[in-house]
Structure formats: structure tokens, C-alpha cells
Amino acid sequence: MLSKVCSAAVTGIDGYPIEVEVNTGFSDSLTVIVGLPDAAVKESRDRVSTAMSNSGFKYPLGRVTINLAPADVKKEGPSFDLPIALGILAASEQIETDQLENFVMVGELALDGTVRPVKGVLPIALCARQQGKTGLLAPAINAAEAAVVDGLCVIPIRNLREAASFLEGEVKLSPTRVDIEQVFNQPPDDDLDFAEVKGQESVKRTLEIAAAGGHNLLLIGPPGTGKSMLAKRIPTILPPLTLNEALETTKIHSIVGQLGPGQALITRRPFRSPHHTVSDAGLLGGNVNPTPGEISLAHHGVLFLDELPEFKRHVLETLRQPLEEGKVTISRAAGTMTFPSQFMLVAAMNPTPDGKMPSESRCSPREIQNYLGRISGPLLDRIDLHVEVPAVPFRELASQRPGESSADIRARVMAARQIQQRRFAKKPQITCNARMGSRELKNYCDLAADTLELLKVAMTDRGLSARAYDRILKVSRTIADLAAASHITSDHIMEAVQYRSLDRELWS
């Protein structure tokens, strides 16, 4: 007898429908899975047969043919265990139900019939809604992330017997519901705050500008000056995620299995800090079957690269396209995938191999040149702000007076972002000043004649590139927004120019 069960899989960051067809017949005892299954899918034969036996069902004798359609797309992972088992039960007439076409089903089966969690349930839930299905049968641990999809009935399944009884109407299972507002209002897991940072007022100002405009940032200073401590607190002054941003971010983390048990949404901007030994596949994504890397996991958040010169140069060079386009395209034999990567790059480094400023370093000029040469000029040009992080004087370290809190800084950042939202209201793809293109620069960064002449002199004296010119205009626009100024003035230009000076002093 033939049965059909609806399931889904993930390609890139989006789900696509899979139809599980099961046919049972009289012949030699043999189970065949077709439709380009990988090793994990082929192994489901043993998991499913054992789970059915331990759940009180009988695995049918004779030939069992399982087809995963469409047959020209490779199927991966154990998420088809549950739909295969239910398809076999329907084909062998051990359950009678007319609900198989109404629900999408995913889940891995343990040998005792327990349904284990799988990756990518959120994009699968979005796919189920797009296909017009009534609901989704998902592992109970994954039910919360699927329930954030409005208009979809998400049924939490704990074991195979429970799934079969629900489809037959013998038991009633309450759909999982998630209060989105309550999820967003949950307090943060950490207690990081800029009030704990002593001194470094000029650096804090730079971080505020970076957060207000979504600008990339390079912190340069000796060890122990607080570069990492400052970087880790940047998410505390960034605007909160919108619902659409949270869904995009959660989809990526769901695909790689980085959501906590029962976690519905990622509501805090991600902060990713990969080690300097990371490979290009680990940073960008890839492997045989492309999966998101660190830059995609930092989507709508912060990617922090500590000890920047210690990263392999070819790995750093791969950042150039994502920094410009906000996405990364990976081509492999298995196919071409595009992952979103709109992140704020924050990097930290020592000015010399021994950590001291060049004027105080004992390293030879050649050693310093080789150290700084690990970072290319084109990559530096894509970093909007370069700032020195000096050592904190003892009197400031010993001071008991708290610094300005993250909440106060965040209020100013959000006020500037609101100005940008109104400015780009007709272009939702531009979320902040750092994402402006040439047309937006022309429309919103128009300079008076004297201000333009000042910028010309500054660029000529410092030997800045055309890309640096665009970056200065974007930063100037953000500085003006923080001051609630409608036009960019000479003061805004001069402050922006000084954030392009440090790298020229060191690298020249």
C-alpha cells in the first residue's frame, strides 16, 4: 500500500518541501531508500525499525520502498526519521488518518521511539506556512522556535506513539504558543555595562559613533588597555533587534544547531569572537555542503576579531566581499549558497609585535613592517574608524566614580538610528548609514563649498583613497545625526577625518 507524508529540509537558510512516499508490498524483506539520501538518512532504516518495535508497532514484512521527493536534491540528516516512520505505519495500515496532508513532520527517532531535536526547525516552519499547511509536528524541544511563526499550529511531539495517536485523533495535544513580546522583554543573560569601564572617554565616543551608524571599527593599543573589554560591551549600546531581524538571525542559528533547548528566538544582537586560528570555511561558511560561518552567525550583530594580525592573511581577505555587499556566496560541488552577513566588524590589535607603540618598541622597523603588513590596505579601507586605545592612568583606575552607563549611551545611539530610519524609510534594505550606496551619499551627504575644500585638503595631506572618502562621508553623517544636525559641518568632517589618521601613521 502507498502513503504520502509531508516533510521539509533546509537549503541555505530557507526551507523547501519534501514529500516522503512509502510503499509496502509482498516480496523479500528489504527496505530501500531512494531520492539521493546521505549516510544519516540511509541509517534511518535501522533507527525507524527499532523505534517502531519499541513503541508497540510492527515493522512490515516484505519490500518497503521509501522515496524522498524531489529526487534530484540531496537529502541530509536524521530529520526524516519521524515522517518515514509515520509513512510506514500508514502504508502498513497500522494507523488510519486523513491528517497526513495537513501537517509537515520532522524529527529524529531514538531507539526507544523518543523524538529528538533537529536543526533548522524555524525555516522549516516558515516553509510549512508558505505551503499552506495546517501545522507542523516537531520535536517538543524545537516547538518554541517554530511557534514564533504566526498562523501555524505547532504540535510538540515527544515520541512516535504520541505522534501516531494524535494523527488518529485518539489524543489531543495542545499547540505550543509563544508570547513574542514577553520573549523580547526577557532580561539579558550577562550584566556587561560601560559604567564598569574606567577612563577611555575618547574611545567610548568612537564606539558610540560606530554603534550609531553601524560602522566597522579597529582598536589599536598595547596589551591590557581594555580593547577586548570595550568590544564585548558594544552589543549593550546597539539598538534592539526588530522582529524581522530576530527571525533572520534565529534562522541562521537554528540551521547550525546553536539555539538553546526550548529557546524561541534570539532577541539580543549576536557577538561572535572566533579564534585567530579559524579557517576560511569556519569564518565564511562552507565545507562540502555549504553551511553558515562566523560572519553569518554575526548577522545583525558584532563580529569581533581579536589580535587581528594573527589571523591568516588569506582568511582576512575573504572578508572584503561580505563587508561590501552584506552577504557571502559560497560555491561548492554540492551547489551555490548565499548567506546573509550584515555584521559590524570590530577588530583589535597591538601596534607592534611586542605590543608597544612604534616609538617605544624594541622591534626592528622590518619586524614592525612585516607585522602590520599582514593586514592589507584594501581591508583597512573597509574599516571606517581607526582609534588608539591608550593605557589608563592610575588615578582613573583607582577612581570610584562610575563611568557613563550603557543605557545612557544607547539612548543617544537609538535617537540617531531613528533619524536614519526616517531617512531611509523608502529603502528598507538600508538599515544604517554604513549601508549607504553612492546614490545615498550624493543625496544625504551634500557638503558646503568650504567644508568640501577642508575635506579635499585633509585627503590630500593624508593620502586617503576614494573608498576612504566614502567612509569619511558616512561617518560624518552619523556624527551629524548624533548631534541632531540636518547638515554635515566642518566639525563633523574633521572628527571623521581623525578616525582615518591612525592607520596612516602606523602603516606608512
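On a C-alpha basis, how far is the centre of the stretch 43-113 from the centre of the stretch 354-390 in Å? Whole number, if you could?
Cα centroid to Cα centroid, the span is 59 Å.
Could you order Ser359, Ser254, Ser490, Ser202 so the one with the most accessible surface comes first? Probe is 1.4 Å.
I get Ser359, Ser202, Ser490, Ser254, largest accessible area first.
Project the alpha carbons of the stretch 112-261 onto their principal axes and report the range along each, largest first, in whole Å.
Its Cα atoms span 67, 32, 24 Å along the three principal axes.
Over 15 Å apart: what share of the alpha carbon pairs of the stretch 14-122 falls there, rounded to a whole percent?
Tail fraction, whole percent: 62.
Could you bin all the Cα-Cα distances of the stretch 75-184 into 5 Å bins starting at 0 and give me the percent of pairs in each, rounded to whole numbers?
2, 13, 24, 26, 20, 10, 4, 1, 0, 0
Mind grabbing the accessible area of Tyr59 for me, 1.4 Å probe, Å², rounded to tens?
Its heavy atoms expose roughly 60 Å² to the probe.
Quick check: the distance between the Cα centres of the stretch 210-226 and the stretch 446-508, to the nearest angstrom?
A separation of 18 Å, based on Cα centres.
Hey, could you grab the Kirkwood Rh for the stretch 248-297? Inverse mean 1/r over distinct alpha carbon pairs, Å, one decimal.
11.7 Å is the Kirkwood radius here.
May I ask you to list the lysines whose Cα is less than 26 Å away from that of Lys133, ignoring any residue fewer than eight positions away on the same chain?
Lys4, Lys74, Lys75, Lys119, Lys172, Lys251
Taking the alpha carbon gyration tensor of the stretch 174-311, what are the square roots of 5 times its eigenvalues, largest first, to the nearest whole Å?
Working through the eigenvalues yields semi-axes of 28, 22, 12 Å.
Percent relative contact order of the chain, based on C-alpha pairs within less than 8 angstrom and at least six residues apart?
It rounds to 13 percent for the chain.
Please list the radius of gyration and Dmax for the stretch 300-431, considering alpha-carbon atoms only, with Å as the unit.
19.6, 60
What are the aspartates and glutamates whose alpha-carbon lies under 16 Å from the alpha-carbon of Lys426, with same-chain residues fewer than 8 places away excluded?
Straight-distance partners of Lys426: Glu440.
Taking H as built 1.01 Å from N, whose amide H comes closer than 5 Å to the amide H of Leu109, not counting residues under 5 places away?
Asp81, Leu82, Arg116
Counting only helical runs of four or more DSSP H residues, what would the 222 nm mean residue ellipticity of the chain come to if each run contributes -39,500 (n - 2.57) and the total is spread over all its residues?
-10500 deg cm²/dmol
Going through the cross-link list Lys232/Lys442; Lys327/Lys356; Lys204/Lys474; Lys227/Lys456; Lys227/Lys312, which pairs have a Cα-Cα distance over 26 Å in this structure?
Table pairs above 26 Å Cα-Cα are Lys232/Lys442; Lys327/Lys356; Lys227/Lys456.
What translational diffusion coefficient, in µm²/s and rounded to a whole number, does the Stokes-Einstein relation yield for the chain at 25 °C and a viscosity of 0.890 mPa s, taking the hydrodynamic radius as the Kirkwood radius over Cα pairs?
96
Binned at 10 Å from 0, what are the whole-percent values of the Cα-Cα distance distribution for the stretch 200-250, short to long?
Pairs per bin, as whole percents: 21, 47, 23, 8.
On the Cα set of the stretch 250-358, report Rg and Dmax in Å, please.
Cα-based Rg and Dmax for the stretch 250-358 come out at 14.9, 51 Å.
The values are calculated or read from the model by the stated rules, or taken from the named source; none is laboratory data. These numbers were taken from a predicted model, which means no experiment stands behind them. Calculation scope for accessible area: heavy atoms of the full protein, side chains included, ligands and nucleic acids excluded. Shrake-Rupley method; radii C 1.70, N 1.55, O 1.52, S 1.80 Å.
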